[in-house]
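These notes concern the structure reproduced below.
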Amino acid sequence: MNTKDKSIAEIIREAFRGCDEETILAVIKYRETGEIDNIPEIVSSVIKRYTEPDFRHLFKDINKRGSLNLREDLELDSLTLFEIVVALEEGLGLNIDDTEVHQLENLNAVTEYIENLLKK
């Protein structure tokens, strides 16, 4: 089955596999309504899914979560960042500029970048 034969829900479930059901439903809701209220949680969940298990506890403190540095705190490498970008692109139906991604340092910056793309 190629991408054209898949429903939006199937594409989202595939792109966000490993994320919790609440996140998947939030992405489906975004795709259906265009509401961006849940984007911070969606972005956080996707990044957490690609983070090594030893660092996932850092996501528990909602007050500090946004300032988590992708490379220093979470130790995400370029390949992992690429995988995150692909998941967000496929799930949210947008195009992310690879050169801009490397300038984003923390969770808040990624969330703000994604929200700005979705507002256009």
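Nothing in this text is a laboratory measurement; each read-out follows from the coordinates by a stated rule. Only a predicted model underlies this, so the values are computations on that prediction, with no experimental measurement involved. So basically every Cβ, Gly included, is an ideal-geometry build from the backbone, and we count neighbours across all protein chains shown.
Quick look at the values:
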item	result
Residues being farther than 17 Å from Ser45 by Cβ and not in a helix (DSSP H, G or I) - total across region 105-118	1
Counted residues, region 94-120 - those being farther than 19 Å from Leu74 by Cβ and under 12 Å from the mean Cα position of the chain (by Cα)	2
Within region 6-22, considering residues that are in a loop (DSSP other than H, G, I, E, B) and among the hydrophobic types (A, V, I, L, M, F, W, C), the one surrounded by the fewest Cβ atoms within 10 Å (Cβ to Cβ)	Cys19
Filtered residues of region 1-34 (kept if free of Cβ contacts under 8 Å to residues at least 40 places away in the same chain and within 24 Å of Asn69 (Cβ to Cβ))	Gly18, Cys19, Asp20, Thr23
Residue, farthest from the chain's Cα centre (by Cα), within region 37-57, restricted to residues that are surrounded by 15 or more Cβ atoms within 10 Å (Cβ to Cβ) and among the hydrophobic types (A, V, I, L, M, F, W, C)	Ile39
Members of region 35-77 that are without any contact (Cβ under 8 Å) to a residue 40 or more places away in the chain and under 20 Å from Gly91 (Cα atoms)	Glu35, Asp37, Asn38, Glu41, Ser45, Lys48, Arg49, Tyr50, Thr51
